[in-house]
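Enquirer: Below is the structure I would like to discuss, written out as structure tokens.
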Amino acid sequence: MAAMKTNPLLLERLRLIEALTDVNSRHLLGERHCAGAEIALFAALEQETRNGASTALSTQISALRRALDVALHEQAQLADARVRLERALIDLDRINGGAP
């Protein structure tokens, strides 16, 4: 049986699709993390409104705001990665004659 020749463009396309799948999966997990951080922050702010400010609560609110900022920053990085990967996939498909 003759050895099967591997198409390097196909392998690169598969690598890009795998990377996009990973980015999309991490994005969905990040969305859940952002939502949780937003809910926790909202609850802490409501508690502050009801009970008044305290040092412990102010510290907690600051930490929750930082956690939300980090989560949102990570989501922005994933969005940038997705755009780069999608562009690379489009470019590769153009090189390959428009066909996957």
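We did not get these values from a lab; they are worked out from the coordinates using the rules stated. Treat the numbers as computed from the prediction; the structure is a model and nothing was measured. Don't worry about glycine lacking a Cβ; one is built from the backbone with ideal geometry, like all the others, and counts go over all protein chains shown.
Enquirer: State all residues of region 51-89 that are touching a residue at least 40 places away in the same chain (Cβ under 8 Å) and polar (S, T, N, Q); if no residue qualifies, say none.
Expert: Residues of region 51-89 that are touching a residue at least 40 places away in the same chain (Cβ under 8 Å), as a first pass: 71, 74-75, 78-79, 81-82, 85-86, 88-89.
Result: GLN75, single match.
Enquirer: Just one of (1) more than 15 Å from the chain's Cα centre (by Cα); (2) assigned to a helix (DSSP H, G or I); (3) of a type in the set (S, T, N, Q) trips up THR6, so point out which.
Expert: (2)
Enquirer: Within region 46-83, how many residues are of a type in the set (Asp, Glu) and under 23 Å from the mean Cα position of the chain (by Cα)? Before the answer, list the steps.
Expert: Restricting attention to region 46-83, the residues satisfying the condition of being of a type in the set (Asp, Glu) are 46, 48, 69, 74, 80.
Still in the list and also under 23 Å from the mean Cα position of the chain (by Cα): 69, 74, 80.
Counting residues in region 46-83 that are of a type in the set (Asp, Glu) and under 23 Å from the mean Cα position of the chain (by Cα) gives 3.
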